[in-house]
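Below is one structure; the comments refer to it alone.
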Amino acid sequence: MSGSDRPLLEVRELRHQYGSHEVIGGINLSLTPGEFVAIVGPSGAGKTTLLRTLSGLLRPTSGDIFMHGEKVDSVPSELAMVFQDYSRSLFPWMTVAANVNFPLRRMRQLSKAERAERVRESLESVGLAGTERKYPWQLSGGMQQRVAIARALAYRPSVLLMDEPFASVDAQTRMDLEDLILRVWETHPMTVLFVTHDIDESVYLSQRVLVLSKSPTRVVRDIAVPLPRARDQFATKALPEFAALREEIAGHILGRTT
Amino acid sequence: MNSVANRVLRVALPLIVLAAVIGIWQLVTTLAPSFFFPTATRIGDAIADLYFSGPPEHFFLSDAFFSEVVPSLARLFSGWALGALVGIILGFVVGLLPRVAGYVDPVLQFLRSVPPPVIIPLYLILFGIGDEMKVLFIATGVLWPVLLNTIDGVRNVPTTQLDTAQAFKIRVPDRLLHVVLPAALPKIFAGLTIGVAVAIVVMVLSEMFAATNGIGYMLLQGQRGFRFPDMWGEVVLLGIIGFLFNTLLLFVEHRVLKWHRQSKGTI
Amino acid sequence: MSSIASSRPPRRFVERTAGVRRALLGFVGAIVLAEVAIRFFDLGGGYLPPITEVLLRAATLIFDPVFLVDVGATLLAALIGLVIGCLIAIPLGTLFGSSSLAFTASRALVEFLRPIPSTALIPIVILILGQQIEMKVALVAFATTWPLLYNTIYGVHDVDPVAKDSARAFGYGRFGVLAFVVLPSAAPFIFTGLRFAVSIALIVTISAEMLAASQHGIGRFILLANSAGIGYTTVFAAATVAGLLGWLINWALERTQKRAFKWTAEAIGSGR
């Protein structure tokens, strides 16, 4: 199954209900290998629910998910997730190295040396070389989220799901982390699905923005981001195309009443 | 699961569980009779005969109820209340003087590690064999969890709250009442709850040494006569007393903490 | 902006022993107070021996082989009972805490049975099992099961769902999540239950020894010394040693808890 334009991840008519309340009202999307796609929508739009169904944590009421053309029933093994709340998703009783190694523990085909090498390499690519023996609570918020990213990287996923990962850090750290994830994406071949409520962030990071409606959530708009591949926090955001995209997306999110 | 079914379950489930426990005991003891483990019905009969066979004017409470259970309850409550009172007051004093912590804490830790049964001889000497001794003994047992939890609660008032009070020049007595006390209350209640369990354990103990009445005394009497239904009956009675005492405390705790949570919000 | 907590530099000897010095001062102060109260204010009406005498007797007791045998007997019974309590309560508690239906049901069960004081069962168990170690072990096993069960159920139930999700998202199944996330996360609270259970174990064992005619045990020693009328100094000395023992055990457990679970305090400290 080669060909970079063949859908890697496909979602068809995904619906989810909590009791009688329909949160997701029919989502269709497809991702090709190596894409960076942002999902943006108003709060309460079921963004987290969508990610939970994709990652296998939640079984959708109806609809299908396909990876490489094959239907997915449980947790797909090529997917890794970075949660918003790093202090709760990293394990405080484990060192940084143990945390990053955690997904690799189950992979019997890797030797101990190979795992250690992956851990070292992942930490290095997020700029945390040498922190193996520290504990997460000894690190700042931004650094903890980097550990979470390193943990996902070590897994070598083909799809990286990120659930508002930078919402809990301050603005400056957020800029650092945004550029970090772009660097990581450049150097590691994978598809990134990045959920955020921050419109600027969605445009800055991605090649494509999926705009969601309020619940019952649907994909309202699939907007291509034709900005140059190299992004800069100030130069890119000063471009007129950036402002136009921001305005278009904001209009869809704020203008919608249903 | 929708919320109505949820709430019904939450109320009904404890009762179902209780019925199940009694039912299983009855079943097992009927199918495999044992002198040591009488059936639930026999235990129930024993309790009824002992304490609930009185005249209707007395709510069917028998004389034995008034001469055995009531004194036990009186000692239990007064001992608990005394221990709680002293524990909270002392706890505030020690907790509010952070400098004395290094000197006082180790001594307190030692004193509370002394197992209550070994101080019975001491208390018998100091206070005789009457009710005072038992009440003081119970109070001593209750003192430690309440004291230590109060100290902990008072010491761990969030500094932002204390700083705010100071910045607004709130007088010390008001600070104690409206900042320190509410912040410490959850820990204090935790101590009081442990105190209930300790009080019951210790009360029974105190009535098994040098006592002429009380539930503990009745237990020993039952033991001398090999009357298992009576003994198990006392045990069940104690369980009920403990459960009711706990529930009462929990009820008070909910009310008080809710009130203080609201008052905290206005500061 | 990045804050890596550095390892503490070794503190000077004076600083490190400050805690011990204050504790000693506190004890000396308490002893002096008690001594004065007994000798000059006649606390205890002449029946209470001076603290200094009690402490001297306690010092000799610690090396008395007869007493040590009794101490050993109490500790043995308490330990075996405690282990049995752990073996029952922790697996059961894990099971009950893992399912929300079992959680609600077991809460009800524990709330009804927990208030039963284990001391009340002493007379019954003495008749059933006799007066020796089997009786003590059974009582301790029963008494320690409840706090351990309670804490295990709640500890397991209150594990952060985000932590569990993180493991599940990486493909860990129920057993993996249990072993690598739930149990480590619940361990501190279970350990707190263990500490409480230890103190209960000692209370129950010594009480049982005092109420039965046990062959060995601290309770038996105190009972005999009391009735022998040889002066209360020995009785109080034994009580003091029992207190020291309990204190030592408490202190050891607290240190172990702080070390093994330093991540809980730190996690709270970092504003979780």
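Does region B:58-67 contain any residue that is within 22 Å of the chain's Cα centre (by Cα), touching a residue at least 12 places away in the same chain (Cβ under 8 Å) and within 30 Å of C:Gly26 (Cα to Cα)?
no
What's the total number of residues in region A:79-121 that are in a helix (DSSP H, G or I) and of a type outside the set (Lys, Arg)?
18
Residues in region B:211-218: is at least one assigned to a loop (DSSP other than H, G, I, E, B), surrounded by fewer than 21 Cβ atoms within 10 Å (Cβ to Cβ), in contact with a Ser or Thr (Cβ under 7 Å, 6 or more places away or on another chain) and in contact (Cβ under 8 Å) with a residue 40 or more places away in the chain?
Yes, the conditions are met somewhere in region B:211-218.
Looking at C:Ala5 and the list (1) in a helix (DSSP H, G or I); (2) surrounded by 11 or more Cβ atoms within 10 Å (Cβ to Cβ); (3) modelled with pLDDT under 85, which single condition is not satisfied?
Of the numbered conditions (1) in a helix (DSSP H, G or I); (2) surrounded by 11 or more Cβ atoms within 10 Å (Cβ to Cβ); (3) modelled with pLDDT under 85, the odd one out for C:Ala5 is (1).
Could you list, ordered by first residue, the pairs with Cβ atoms under 6 Å in which the first is in region B:1-25 and surrounded by 11 or more Cβ atoms within 10 Å (Cβ to Cβ) and the second is of a type in the set (Val, Ile, Thr) and at pLDDT below 85, at least 6 apart or interchain?
Here the result reads B:Leu13/C:Thr104, each pair linking region B:1-25 to a residue that is of a type in the set (Val, Ile, Thr) and at pLDDT below 85.
Residue-by-condition table, conditions (1) within 30 Å of B:Glu68 (Cβ to Cβ); (2) at pLDDT 85 or above; (3) buried (at least 20 other Cβ atoms within 10 Å of the Cβ); (4) in contact with a Cys (Cβ under 7 Å, 6 or more places away or on another chain):
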{"site": "B:Ile120", "(1), (2), (3), (4)": "yes, yes, yes, no"}
{"site": "B:Gly130", "(1), (2), (3), (4)": "yes, yes, no, no"}
{"site": "B:Val135", "(1), (2), (3), (4)": "yes, yes, yes, no"}
{"site": "B:Gly141", "(1), (2), (3), (4)": "yes, yes, yes, no"}
{"site": "B:Ile151", "(1), (2), (3), (4)": "no, yes, yes, no"}
{"site": "B:Gln161", "(1), (2), (3), (4)": "no, no, no, no"}
{"site": "B:Asp174", "(1), (2), (3), (4)": "no, no, no, no"}
{"site": "B:His178", "(1), (2), (3), (4)": "no, no, no, no"}
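How about region C:101-116: which of its residues are free of Cβ contacts under 8 Å to residues at least 24 places away in the same chain and either part of a helix (DSSP H, G or I) or within 20 Å of C:Lys164 (Cβ to Cβ) (or both)?
C:Leu101, C:Ala102, C:Thr104, C:Ala105, C:Ala108, C:Leu109, C:Glu111, C:Phe112 - these are the residues of region C:101-116 that are free of Cβ contacts under 8 Å to residues at least 24 places away in the same chain and either part of a helix (DSSP H, G or I) or within 20 Å of C:Lys164 (Cβ to Cβ) (or both).
Every residue in region C:177-232 that is facing another protein chain (nearest Cβ under 9 Å), under 30 Å from A:Pro103 (Cβ atoms) and in contact with a Lys or Arg (Cβ under 7 Å, 6 or more places away or on another chain), please.
C:Val181
Among the listed residues B:Val198, B:Val180, B:Val204, B:Val157, identify the single one that is in a loop (DSSP other than H, G, I, E, B), β-branched (Val, Ile, Thr) and out of contact with any Asp or Glu (no Cβ under 8 Å at 6 or more places or on another chain).
B:Val157
Residue-wise test of (1) outside any helix (DSSP H, G or I); (2) modelled with pLDDT of 90 or more.
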{"site": "C:Gln131", "(1), (2)": "yes, no"}
{"site": "C:Thr144", "(1), (2)": "no, yes"}
{"site": "C:Asn151", "(1), (2)": "no, yes"}
{"site": "C:Arg168", "(1), (2)": "no, yes"}
{"site": "C:Val177", "(1), (2)": "no, yes"}
{"site": "C:Leu183", "(1), (2)": "no, yes"}
{"site": "C:Val198", "(1), (2)": "no, yes"}
{"site": "C:Ala213", "(1), (2)": "yes, no"}
{"site": "C:Thr233", "(1), (2)": "no, no"}
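So that you can scan it fast, the table gives a plain yes or no per residue for (1) among the polar types (S, T, N, Q); (2) over 30 Å from B:Ala46 (Cβ atoms):
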residue	(1), (2)
B:Val172	no, yes
B:Ala184	no, yes
B:Val196	no, no
B:Ala199	no, no
B:Phe209	no, no
B:Tyr217	no, no
B:Gln221	yes, no
B:Met231	no, no
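Is at least one residue of region C:166-177 in the same structural domain as C:Val71 (by TED's automatic domain parsing), crowded, with 24+ Cβ neighbours inside 10 Å and within 26 Å of the chain's Cα centre (by Cα)?
no
Take A:Arg6 and tell me if it is modelled with pLDDT of 90 or more and surrounded by fewer than 16 Cβ atoms within 10 Å (Cβ to Cβ).
Spelling it out, it is not the case that A:Arg6 is modelled with pLDDT of 90 or more and surrounded by fewer than 16 Cβ atoms within 10 Å (Cβ to Cβ).
Being buried (at least 16 other Cβ atoms within 10 Å of the Cβ), more than 16 Å from A:Glu35 (Cβ to Cβ) and polar (S, T, N, Q) is the requirement here; does A:Ser168 meet it?
yes
List every residue pair whose Cβ atoms lie under 9 Å apart, where the two residues are 6 or more positions apart in sequence or sit on different chains, the first residue falls within region B:90-110 and is within 12 Å of chain C (Cβ to nearest Cβ), and the second residue, located anywhere, is hydroxyl-bearing (Ser, Thr, Tyr).
Filtered contacts from region B:90-110: B:Val94/B:Thr150.
Restricting attention to region A:135-149, report how many residues are surrounded by fewer than 23 Cβ atoms within 10 Å (Cβ to Cβ), touching a Leu at 6+ places or on another chain (Cβ under 9 Å) and outside any helix (DSSP H, G or I).
The number of residues fulfilling the criteria is 0.
Give region C:110-143 a look and list any residue that's under 24 Å from the mean Cα position of the chain (by Cα), farther than 12 Å from C:Leu211 by Cα and facing chain B (nearest Cβ under 10 Å), or say none.
C:Val110, C:Glu111, C:Phe112, C:Leu113, C:Arg114, C:Pro115, C:Ile116, C:Pro117, C:Ser118, C:Ala143 - these are the residues of region C:110-143 that are under 24 Å from the mean Cα position of the chain (by Cα), farther than 12 Å from C:Leu211 by Cα and facing chain B (nearest Cβ under 10 Å).
Looking at region A:99-128 only, could you name the residues that are of a type in the set (A, V, I, L, M), within 13 Å of chain C (Cβ to nearest Cβ) and surrounded by fewer than 17 Cβ atoms within 10 Å (Cβ to Cβ)?
Within region A:99-128, A:Met107 is the sole residue that qualifies.
Which residue out of B:Leu27, B:Leu50, B:Leu13 is over 17 Å from B:Ile240 (Cβ atoms) and out of contact with any Lys or Arg (no Cβ under 9 Å at 6 or more places or on another chain)?
Exactly one of B:Leu27, B:Leu50, B:Leu13 is over 17 Å from B:Ile240 (Cβ atoms) and out of contact with any Lys or Arg (no Cβ under 9 Å at 6 or more places or on another chain), namely B:Leu27.
Return the total of residues in region C:41-62 being crowded, with 18+ Cβ neighbours inside 10 Å, part of a loop (DSSP other than H, G, I, E, B) and among the hydrophobic types (A, V, I, L, M, F, W, C).
So the count comes out to 1.
For the condition surrounded by 15 or more Cβ atoms within 10 Å (Cβ to Cβ), within 26 Å of B:Val70 (Cβ to Cβ) and within 12 Å of chain C (Cβ to nearest Cβ), what is the one hit in B:Leu192, B:Leu250, B:Leu205?
B:Leu205
The values are calculated or read from the model by the stated rules, or taken from the named source; none is laboratory data. Bear in mind the structure is a predicted one, so any value in this text is a computation, not a measurement. Please note: Cβ atoms are built from the backbone with ideal geometry, for glycine as well, and neighbour counts cover all protein chains shown.
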